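Read-outs throughout are calculated quantities, based only on the coordinates presented, and are distinct from any laboratory measurement. Only a predicted model underlies this, so the values are computations on that prediction, with no experimental measurement involved. So basically every Cβ, Gly included, is an ideal-geometry build from the backbone, and we count neighbours across all protein chains shown.
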């Protein structure tokens, strides 16, 4: 998991937050690649409370380049970086299919990186904190839990 957090640097998180702000009031959704590229996906639900991604679009994005997706992200614009029950079900289903990609959930104050541990319990790998989603000079940015400092 530390490798994932090493990719989710402040510049990468800025890209995620640009997407978050651009898609307000709706949830945004996308992927982060191992080289730090952020690939935006279209939230077909057009909703502030859920997201939906077209499987053909996702397949196209995955086939368009080499590399590894290290995180799938989406936002909760109404607040909270916890997993909704729908998020949790989808994450568990993904891992049952041997797709081991953690989920990053962001809101206006930060983000949490979620993954199921070896016992199948969903846990937090790290927390990203900011007082300013645009990462101005007064922003405090850090991945907590001692996994990585950026």
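Some notes on this structure:
- The simple spin-label model puts a point 7 Å past each Cα toward its Cβ; for residue 42 and residue 124 those points are separated by 3.5 nm.
- Residues 31, 13, sorted so that the one with the fewest Cβ neighbours within 10 Å comes first: 31, 13
- On the beta carbon distance between residue 117 and residue 66, with R0 = 30 Å, the FRET formula returns roughly 0.55.
- Segment 1-91 - percent relative contact order, Cα under 8 Å, separation 6 or more: 30 percent
- By the count of neighbouring beta-carbon atoms within 10 Å, fewest first, 115, 17 end up ordered 115, 17.
- Proxy reagent accessibility, fewest Cβ within 10 Å first, across 22, 34: 22, 34
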